Protein chains: 2
Amino acid sequence: MKKLMLAAAASLATVASPLMADEGMWQPDQLPSIEKHLKDAGLKIDPDNLTKLTEFPMGAVISLGGCTASFLSPKGLVATNHHCAYGSIQFNSTAENNLLEKGFLAKEFSEELAAAPGSRVYVTTEVTKVTNSIKDELTDEMSGMSRYKAVEKIEKSLVADCEAEEGYRCNVYSFHGGLEYYLIKQMEIRDVRLVYAPSSHIGKYGGDVDNWMWPRHTGDFAFYRAYVGKDGKPADFSKDNVPYEPEHFLTVNANGVAKDDFVMVTGYPGRTNRYRTSAEVKNQFEWRYPTFRTILHKYIDIIEQNAPEGSDARVKYASTLAGLNNAEKNWGSMIESYGKGNLLERRQKLEADLEAWLLDNPAMKEKHGDSLAELDALIKEDLKDQAIELKKWGMSRDTLTGTADRLYRLAIESQKPDAERDPGYQERDLIRIKESLKRMNRRWDAEVEKALYKHFVAQYASLPKEDRVVSYDKFMDISNEFNATEFNDKVDNMFAETELTDQEVRLNWVGKSVEDFKNSDDPFIQLAVATYDENYKKELEDKEQSGEFKKLRPQYMAAIIDFYKSQGKPVYADANSTLRVTYGNVKGYSPQDGLSATPFTTLEGIKAKHTGEEPFNSPINQLALINAKQYGEYKDSALNSVQVNFLSTVDTTGGNSGSPTMNANAEFVGLLFDGVYESIIGDWDYNPQLNRSIHVSSAYMLWVMKYVDNAQNLINEMKVVR
Amino acid sequence: MKKLMLAAAASLATVASPLMADEGMWQPDQLPSIEKHLKDAGLKIDPDNLTKLTEFPMGAVISLGGCTASFLSPKGLVATNHHCAYGSIQFNSTAENNLLEKGFLAKEFSEELAAAPGSRVYVTTEVTKVTNSIKDELTDEMSGMSRYKAVEKIEKSLVADCEAEEGYRCNVYSFHGGLEYYLIKQMEIRDVRLVYAPSSHIGKYGGDVDNWMWPRHTGDFAFYRAYVGKDGKPADFSKDNVPYEPEHFLTVNANGVAKDDFVMVTGYPGRTNRYRTSAEVKNQFEWRYPTFRTILHKYIDIIEQNAPEGSDARVKYASTLAGLNNAEKNWGSMIESYGKGNLLERRQKLEADLEAWLLDNPAMKEKHGDSLAELDALIKEDLKDQAIELKKWGMSRDTLTGTADRLYRLAIESQKPDAERDPGYQERDLIRIKESLKRMNRRWDAEVEKALYKHFVAQYASLPKEDRVVSYDKFMDISNEFNATEFNDKVDNMFAETELTDQEVRLNWVGKSVEDFKNSDDPFIQLAVATYDENYKKELEDKEQSGEFKKLRPQYMAAIIDFYKSQGKPVYADANSTLRVTYGNVKGYSPQDGLSATPFTTLEGIKAKHTGEEPFNSPINQLALINAKQYGEYKDSALNSVQVNFLSTVDTTGGNSGSPTMNANAEFVGLLFDGVYESIIGDWDYNPQLNRSIHVSSAYMLWVMKYVDNAQNLINEMKVVR
């Protein structure tokens, strides 16, 4: 592994000063600038140690792509959430051998199972600030499209150079909407195996009912192992591969945590919107979330009706439904929190304060101009067609349409030299495209897809003609008088005739020529060919607008950063799937006047919730252990039980799932896996009174491993301290 | 007012010793025996002062019959719960002038409104132990019926002597199932007027949704005034009557309470079952509550279907439905708590321990014999027919049937000299019988009653012939093949023909002769005459069994009391609607692992719950005051708001509603109005971890009075301290 540190990246705002308690998803290199806050909160190690991505402890923190994880042994043992490994457990399950139900434990390396296709372990090895490389190619006068293309071109070139070394994956990430750019290099381990997962009756205890909820009693953890070739380099799955030996892994503290303890979470939070303008906030909460939520309800309804409980189809859509329900609850909470709070007023006040400050500071006014007004004008333009776009959303999710579109696009892009192809269709993307093509059948059912497609195209067809897609309408014979019966017959025929439902057929299309596509009589391929030009034109328009945002959003952010700097406040960037550190303390909160959420749940709470019916159906042996008060060495004397889940003030979001939670000495004390209902709006607004993350305690993990599942082999492999 | 103290009544168990924290509904004269506990909890006054029923503060505590209340001014101002005054507010409401909706405030005495017919204020003036008077007439050899009759005869005679003084109501209450008897004399004030009630949007805020729930934000208070004749004696309503001037009234502390404060509640708890045998517990929780609850569901359904939301009929059944829903939730909670806890095991252990103790103590064994076994045998016999009785329950609730039965019974009893009549049909009962006859029309709707009657008779008709009532079947033409259509036609005809739906007609039947009834062609009168003999025979059988219980239950309780005495534990009697004192502290609890109920709610919680839809529809002016943080002199600095409701550990049950909550100096600090969901099983079992009562704080009462409703005239009338 090439050792490269997060070296020269200058921090954005280094003035240590009053900031909101525990708010912030900090880039590791920013941590020394908030040392006082970290120390006040209880951090015992030097924050400088947290800035070195390839040293301890950051070297042990890895990405799964969408989830975070960490190495817990010298043999590449990876701890993450049960819900992050869910797809792999499901992938290895059959009706006869349902690992979701029974759980799974490999007692030896040889028993470990290949994870779901596409599973990856990404080890970040290098972060390079490349802002200037990109900015040098841009001018203020550029059109949106030129800007978009210029940024894309440099990014591709940086990525190509970086990926010259085999086994690595590189990406350019923009911070503050494009004010700064970083090139991040990650080793991409692609032989990932499932080592251990408790039964879903533990790993998903409480299910959707308890999702986002406290009190919580979920053993949301599972273990993977990273494998590499005998040469130590990433390799495709092979029996000859050997466990990856990370340079660093975390020590596990078997005590878990105590009330008020310092905790920090390192991980890859996906996306936040903490710096959106008041116009964007208003639109999102007052129009987009409520409207989109209605569409989502319908989407869920159609799946549930066409994949009845207990059917094979329902098993295939379990993961999809979980995601949809999650979003539905998520948006519902945000709408509720928005109604109760004053987010909009505060954003409006921030903007008014910013304007007032600019007026008081001619130099700053000179530097930042009317950046907010310009951004807001672009936002207004961008949102103009949002109602139309939302009407098209449902049909755009169709798997066969999407598959055919992507395959045809790949053929078109493949006509160009690799470096000139659009991102996502380069040589580097081929493996992932193929894996995605393989994944489809396990999560797809013709009846469900047809029902969804028919419903959502009917919605689309209700749009005025000028807002519809001419080539699509022509291909599908859609006129202003939408004839649902005829259309549905056509869809039935297309589904019956297409061969894209066959995995081999799909894979065979990779590498075919544009001519091959044009000559195909597969109806979905024909549809893709017929609509390509019009869709691509729309894509270009979107890129033009995206290029404009790449200019205006950073300008506004630069003003915001200067404004905060004038108040001595450091600024963290919105989450963007790059490695961040958030810190805080183990602490309860008041979800409601007259109620207090205490920071721990215990084994007894599992028993109290147990009904024997899903999602509260604890394994019998776990209940027996609880009844016998067999806490063993994991007993928390303050709680007189074993701690199961705990709350903290750390600032997290989706993507942080599976993140290791570390104590003041950077020992592993659990896994982050959720936030409380009241903190969902945290993606837009951190509220120190209500923002709480939910963790599964290392004490419960070890207790389940030792007493419930007899996974002593894994405990022996880890370094456990107290 | 004749001053007689609760003098010679000896306490049952005076050994001060470890008892369950805050458990117990103590007779006032028992308080000196638990002085140490009271002082430890924080009581500042001498417990001896609490034993004198006609002195301060007990002299200020009164009964409304079913609810408790207290005098808060020298002019007879009475504070009780909104839900205790609900019937009177409803009685004075019309569609055009809905006092439930608007609230009501009399700014002058002359504006005060007559309370609902039958409203009473009972001031306890004398408590006399009469155990020996009764026991002297009983022998061990008596049959159940002889015993029943003997007790009834002495009770009637004691009552008659006591009520020789006009304006008083006397009753004999048995304690410990008949181990002790007390004659209680109460002045019966029958001119009761409604003075003030906040809007139901405050007084019933949260409605059925929040019923039994915490967090709670209900302003459950209202004010009556007691009026007497100019001679100071109880009198019927008259404009010439004057406010009653009680010798004692409570001082109001405007601060409410603080966390951990000592509080005590004095009131008239109705009924508890803390000493029932394990056989009774098992039957009640495993058969009777679950079975009865199903019947109740049906009962509620039928009313809701036949009295649709918004109909006049629904208004008439509002109070009935509230009661039924309350019972439904109540039983549901008890079934749930029973399932989670180990009540049955503990009762079984108590009985085993008692038996072991008796075996170890020959003298005690000699004294108490096989009292438990004998009682259990009787219980078994008593429960034999319970499934049949429950099938008959629904039809037995029919108002017209019940009215006709009662009127005919009155005619029959009136043939005897007053002293020989059955209790409930003596001269002393006439006023209440008439008031009940008047009340009917406001709570009765023919369509609802017919639907209920038809459903429940069909249930009854499904019983085997030998379990049915021969005379009823004959009158109603019910054969083994129940013909619902024919039966329903008959019921429709009876409802159409009866004149008992007319208030004047009902009242005219009072005083008519048995012959008059026999000659009547009113179908419900005819039914009453036809079934009287058979029903009366059943009643006698019940009395025989009741007489047996009067022998065996006291024997078992005597054993229990001796057993507890041997452990130094004082024993309080099960609640029996007599005046009791319970004490405890202001304290939260944990309703669930990971959650803590904090002991206070605040004004802000009202706003947070407000949706604008019932039952969370706060008056706008209250919301405006909350938004403006206009706490005034009622601000609690620890809460930085006004306290609304609070939790305490006091041991209460139905009948305690409206009880004054007093602090360590016996100042009024609020009104008890509910218990939390987890404490409903408290009627059978006090759990110090979960038993919490809910009070409305005096601070919130005064804040609403002053700022929301401008009831300064009433505040001025009270003695308010801090």
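Where a number appears in this text, it was derived from the coordinates with a stated rule and is not lab data. Values in this document were obtained by computation on a predicted structure and should not be read as measured data. Virtual Cβ from ideal backbone geometry, glycine too; neighbours counted across all protein chains shown.
Treating r as the C-beta distance of A:ALA327 and A:LYS719 and R0 as 35 Å, the FRET efficiency rounds to 0.35. Using 0.36 nm per residue and subtracting the Cα-Cα separation, the extra length available between B:LYS465 and B:ALA530 on full extension is 21.6 nm. Considering the rotation that superimposes chain A on chain B, the residue of A whose beta-carbon lies nearest the axis, and that distance in Å, is A:SER596, 2. Look at the dipole of chain B built from charges on Cβ: of B:GLY394, B:HIS37, B:ALA528, the Cα furthest out on the positive end belongs to B:HIS37. Between the listed residues A:PHE175, A:SER577, A:SER199, the Cα displaced farthest toward the positive end of the dipole of chain A, a dipole computed from Cβ unit charges relative to the Cα centre, is found at A:SER199. By the rule of a C-alpha distance below 21 Å, with chain neighbours fewer than 8 residues away ignored, the lysines paired with B:LYS230 are B:LYS2, B:LYS3, B:LYS75, B:LYS239. Computing FRET efficiency as 1/(1 + (r/R0)^6) for A:SER590 and B:GLN415, where r is the C-beta to C-beta distance and R0 is 56 Å, gives about 0.25. Dimensions of region A:62-175 based on its C-alpha atoms, expressed as ranges along the principal axes with the largest first, amount to 63, 31, 22 Å. In plain terms, the C-alpha convex hull of chain B casts an average shadow of 30.8 nm² when viewed from every direction.
Farthest toward the positive end of the dipole of region A:278-547, out of A:TRP331, A:PRO362, A:THR485, is the Cα of A:TRP331, where the dipole comes from beta carbon charges about the Cα centre. Listed by chain and number, the aspartates and glutamates placed with their C-alpha closer than 15 angstrom to that of A:LYS367 are A:ASP140, A:GLU355, A:ASP562; residues fewer than eight positions away on the same chain are left out.
Length gained on full extension, A:ASP161 to A:GLU499, computed as 0.36 nm times the residue gap minus the Cα-Cα distance: 117.8 nm. Over region A:278-547, consider all pairs of different Cα atoms and compute the Kirkwood hydrodynamic radius from their mean reciprocal separation; express it in Å, one decimal. One over the average 1/r among Cα pairs gives 21.6 Å for region A:278-547. Counting from the shortest, the label point at A:LEU344, 7 Å from Cα toward Cβ, is 5.6 nm from the same position in each remaining copy. The other copies place their A:ASP492 label points at 4.8 nm from this one, listed shortest first, where each point is 7 Å from Cα along Cα→Cβ.
Taking label positions 7 Å along the Cα-Cβ direction at both A:LYS434 and A:ASP382, the computed distance is 3.7 nm, reported to one decimal. For region B:278-547, the dipole from Cβ point charges (+1 on Lys and Arg, -1 on Asp and Glu) about the Cα centre works out to 740 debye, to the nearest 20. Counting Lys and Arg as +1 and Asp and Glu as -1 over every other residue whose Cβ lies under 14 Å from the Cβ of A:ILE202, the net charge comes to +1. Taking a cut-off of 17 Å between Cα atoms, list the aspartates and glutamates near A:LYS454, but don't count ones fewer than 8 places away on the same chain. Filter leaves A:ASP301, A:GLU304, A:ASP398, A:ASP445, A:ASP473, A:ASP477, A:GLU481, A:GLU486, A:ASP489, A:ASP492, A:GLU497. When the helices of the protein assembly as shown are scored as -39500 (n - 2.57) per DSSP H run of n ≥ 4 and the total is divided over every residue, the value at 222 nm lands at -12500 deg cm²/dmol.
Shape summary of the protein assembly as shown, radius of gyration then Dmax from alpha carbon positions: 38.5, 117 Å. Take B:GLY310, move 7 Å from Cα toward the beta carbon, and the resulting point lies 3.9 nm from the same point in each other copy, nearest first. Residues within the reach of a label modelled at B:ILE620 (point 7 angstrom out along Cα to beta-carbon, backbone nitrogen below 12 Å), restricted to region B:189-205: there are none. In this rough spin-label picture, where each label sits 7 Å from Cα along the Cβ direction, the B:THR94-A:LYS44 distance is 7.8 nm.
Basic side chains Lys and Arg get +1 at the Cβ, acidic Asp and Glu get -1 at the Cβ, and with that the dipole of region B:437-562 about its Cα centre reaches some 620 debye. Averaged over the residues of B:594-607, the number of partner chain Cβ atoms lying within 10 Å of the residue Cβ comes to 4.
Over chain A, Cα pairs under 8 Å with separation of 6+ residues give a relative contact order of 25 percent. In a simple Cβ point-charge model (Lys, Arg +1; Asp, Glu -1; nothing else charged), chain A has a dipole of about 1640 debye relative to its Cα centre. With R₀ fixed at 35 Å, the C-beta to C-beta distance from B:LYS474 to B:ASP240 puts the FRET efficiency at about 0.05.
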